[in-house]
1. In nm, to one decimal, how far is the modelled label at residue 111 from the one at residue 35, with both set 7 Å along Cα→Cβ?
2. What residues from the range 73-114 fall in the zone where the backbone N is under 13 Å from a label point 7 Å along the Cα-to-C-beta line of residue 67?
3. Out of 117, 42, 68, any idea which swings most in a Gaussian network model of the chain, alpha carbons joined below 10 Å?
4. What per residue convex hull volume, in Å³, comes out for the range 101-148 when only alpha-carbon positions are used?
5. Normalised by the residues of the chain, what does the relative contact order come to in percent, with Cα pairs under 8 Å and at least six apart?
6. Kindly state, to the nearest 0.05, the FRET efficiency for residue 22 paired with residue 47, given R0 = 25 Å and r defined as their beta-carbon distance.
7. Residue 120 versus residue 102, label points 7 Å from Cα toward the beta carbon: distance in nm?
8. With springs connecting C-alpha atoms under 10 Å apart, model the chain as a Gaussian network and identify which of 100, 126, 52 has the largest mean-square fluctuation.
C-alpha cells in the first residue's frame, strides 16, 4: 500500500501587465478570453457560487481536471476561488486562490496567491508555482494580443 500524506503549501506570484484592471479582469471573467490562455472550460459560470470545470492535457499524456467554485468576485479588483485538481482518478490537490488586481502606473499589478493541500506526492507547491508562472505569462501574452487587436 502506498504511503498517504499531505503537504501544505502556499506561494505568491506577482505580474505587471500593460493593461488596465478592466482588461485583466475580463481575461478571467469571459470564457472566450480565458480560453486563449487557460484550458477551454466545459462549464463556466463566473459568479459567486458559480462553477468552472475543464479537463484536458497534452497529447498522449494524462488528463487533468480543474473543478473550481467562485467564492468572491469584486469586478476589476479581486477573484477568489477554491478548486480541486485531478489527474485521471487521482485527486492531486485542493486549493484556495486569490487574485488581486491593483491599478499601477501604466497598467495592472496582479498578485496571485495560492494556498493548497497537495496529496501523496502527486503534486507539490513548487511544481504548482512553476506552472502558475507559465500560466500568468500566457495571460500576459493574451492580454497584449488583445490590446493589439483592440487598437486596429
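Taken together, the values in this text are just the output of simple stated rules run on the coordinates, not laboratory data. Keep in mind that this is a model prediction, so the values were computed, not measured. Here the Cβ positions follow ideal geometry from the backbone for every residue, glycine too, while neighbour counts run over all protein chains shown.
1. My value for the distance between the label points is 3.3 nm.
2. Backbone N within reach: 83-95.
3. Comparing 117, 42, 68 in the GNM, the peak value goes to 42.
4. On the way: hull volume 3.9 nm³, N = 48.
With only Cα atoms used, the range 101-148 gives 81 Å³ per residue.
5. Working: 304 pairs, mean separation 44.7, N = 152.
Worked out over the chain, it gives 29 percent.
6. Values: r = 18 Å, r/R0 = 0.72.
That gives a FRET efficiency of 0.90.
7. Distance between label points: 4.0 nm.
8. Of 100, 126, 52, the Gaussian network model singles out 126 as fluctuating most.
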